[in-house]
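Here the structure comes first, spelled out in structure tokens, and everything after it is commentary.
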Amino acid sequence: MDLELDDDQRAIADLALQILRESLTRERLRAIEASDDRVADAEWRRLAEAGLLGVPLAEDVGGSGLGIVEACLVLEQVGRTVAPLPYLPTVVGGAMAIDRFGTTDQRARLLPRVCDGSLVLAPALTEDGDELAAGTPRTTARRDGDGWRLDGEKRVVPAAHVAGLLLVPARTADDASAVFLVDPRAAGVTLARAESTARDVLASVRLAGVPVPAGDVLGAVGAGTEIVAWIVRRLTAGLCAMQAGVCAEALRMTAAHVSEREQFGQKIATFQAVAQRAADAYVDTEAVMLTARQAAWRLGAGLDADDALDTAKFWAAEGGFRVAHAAQHLHGGIGVDTEYPLFRYFRRTRQIELTLGGAAQHLSRLGERLAARAGG
């Protein structure tokens, strides 16, 4: 893999960072956190105007015709600025799936609205006790005339409170499922609001006989497991990219702090223990960044990415944890001040780590696959 970004990719990353960094000041972030929706609406519109919401979508629906690598570069900047934006669920978890599996009508009806920022999407994949992937959902879909009716409950759904559509996997038969496009304002849908570690708004979505027209089934009936797996792989790559951005900025803030802070008449950056811990955090940050980009590149190239994704998840979880704690430690007492900007980065790294799952299980899964191949 060539880890160098080309000119277009650098331009995308630079533009996204410029838009987000220049407007998401500390005061602006505080104001958003105090708002009801907790979404940076103005920044969302600016990303749309700059064409960054349609980066991975096809040109015939208003996108740029690029892919998951470029979407992940935007997400790195979302992480770098801890921007409260629904880019991951809308663009990566929703729009890319509709672009890939949707009908001509669905693509024409929905994706231009994603590109112009007027439609937020929310994949509702998780059920009680499940990880991200829900291969056989407990939520059910039964035939009702030409359409369907859905019953069940989805948990920790991101951006559902501002979404225009939910992507809901549901079981259509004992061993089959499909993904449905559900209006969160439809009769029978109830949202119960919750708050994540990073103070994002999440929701439990209850579905009680919710009607869904036949035209709002995404892909083929019976293809739900395949579609959900496709979505989860890209959401995972996106989360790892966000973690890379979070770690990079936390490390930058820490380097600036230890270069200015003095003890015993010296900059603390000159202390050997401080330098060693900062160096370890740099190595971790580079590992998070490079493994995330490799996973996204393999997905974008259509290659088997399971090993790369588990490797990226391990580094995003374990490396992200170490970077966050090193940054707090090297900041001293202000590192645990909830009003200090660094604390947002600590919360975000923990949120991403918890969403991805524990590092040990990623290594275990990777090890089992490697052992199976060696044994074969």
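The values are calculated or read from the model by the stated rules, or taken from the named source; none is laboratory data. As the structure is a prediction and not an experimental result, all values here were calculated from the model. We place every Cβ from the backbone using ideal geometry, glycine too, and count neighbours over all the protein chains shown. Accessible surface is based on the protein model in full, side chains and every heavy atom, while ligands, DNA and RNA are left aside. Shrake-Rupley method; radii C 1.70, N 1.55, O 1.52, S 1.80 Å.
Residue by residue through region 3-40, note down the ones that are assigned to a loop (DSSP other than H, G, I, E, B) and among the charged types (D, E, K, R).
Within region 3-40, Glu4, Asp6, Asp36, Asp37, Arg38 qualify.
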Checklist entry - In region 256-266, what count of residues is obtained for those that are in contact (Cβ under 8 Å) with a residue 12 or more places away in the chain and either among the hydrophobic types (A, V, I, L, M, F, W, C) or open to solvent by 50 Å² or more (accessible area, probe 1.4 Å) (or both)? => result 2
Checklist entry - What is the one condition in (1) small (Gly, Ala, Ser); (2) under 19 Å from Leu125 (Cβ atoms); (3) in a strand (DSSP E or B) that Gly238 does not satisfy? => result (3)
Checklist entry - Could we say that Gly319 is touching an Asp or Glu at 6+ places or on another chain (Cβ under 6 Å), open to solvent by less than 50 Å² (accessible area, probe 1.4 Å) and either at pLDDT 85 or above or within 19 Å of Ala295 (Cβ to Cβ) (or both) here? => result yes
Item to check | Residues (in contact (Cβ under 8 Å) with a residue 24 or more places away in the chain and among the hydrophobic types (A, V, I, L, M, F, W, C)) located in region 320-360 | outcome: Phe321, Val323, Ala324, Ala326, Ala327, Leu330, Leu342, Phe346, Ile352, Leu354, Leu356, Ala359
Next on the checklist: Being closer than 17 Å to Gly358 by Cα, open to solvent by less than 20 Å² (accessible area, probe 1.4 Å), charged (D, E, K, R) and in contact (Cβ under 8 Å) with a residue 12 or more places away in the chain narrows it down to one residue among Asp284, Asp307; which is it?
Outcome noted: Asp284
Item to check | Residue identified as open to solvent by less than 40 Å² (accessible area, probe 1.4 Å), under 19 Å from Gly79 (Cβ atoms), part of a helix (DSSP H, G or I) and touching a residue at least 12 places away in the same chain (Cβ under 8 Å) among Ala269, Ala229, Ala296 | outcome: Ala296
Checklist outcome for this item: Apart from one, (1) closer than 29 Å to Tyr87 by Cα; (2) touching a strand residue (DSSP E or B) at 6+ places or on another chain (Cβ under 9 Å) all hold for Glu260; the odd one out is (1)
Checklist outcome for this item: Filtering region 187-216 down to residues that are in a loop (DSSP other than H, G, I, E, B), hydrophobic (A, V, I, L, M, F, W, C) and either under 18 Å from Asp128 (Cα atoms) or over 26 Å from the mean Cα position of the chain (by Cα) (or both) yields Ala187
Checklist entry - Condition test on Leu354, is it at pLDDT 95 or above, under 16 Å from the mean Cα position of the chain (by Cα) and part of a helix (DSSP H, G or I)? => result no
Checklist outcome for this item: Every listed condition ((1) open to solvent by 60 Å² or more (accessible area, probe 1.4 Å); (2) touching a residue at least 60 places away in the same chain (Cβ under 8 Å); (3) under 30 Å from Asp41 (Cβ atoms)) holds for Arg185 save (2)
Checklist entry - Which one of Ala173, Ala250, Ala241 is over 20 Å from Val92 (Cα atoms), of a type in the set (Gly, Ala, Ser) and under 24 Å from the mean Cα position of the chain (by Cα)? => result Ala250
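Yes or no: Ala278 among the small types (Gly, Ala, Ser), in contact (Cβ under 8 Å) with a residue 60 or more places away in the chain and either in a helix (DSSP H, G or I) or within 30 Å of Pro56 (Cα to Cα) (or both)? Reasoning before the result, please.
Values: among the small types (Gly, Ala, Ser): yes; in contact (Cβ under 8 Å) with a residue 60 or more places away in the chain: no; either in a helix (DSSP H, G or I) or within 30 Å of Pro56 (Cα to Cα) (or both): yes.
No, not satisfied.
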Next on the checklist: Can you pull out every residue in region 217-226 that is under 23 Å from Leu111 (Cα atoms) and in a loop (DSSP other than H, G, I, E, B)?
Outcome noted: Gly219, Ala220, Val221, Ala223
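Can you pull out the residues in region 51-69 that are open to solvent by 20 Å² or more (accessible area, probe 1.4 Å) and part of a loop (DSSP other than H, G, I, E, B)?
Gly51, Ala58, Gly62, Ser64, Gly65, Leu66
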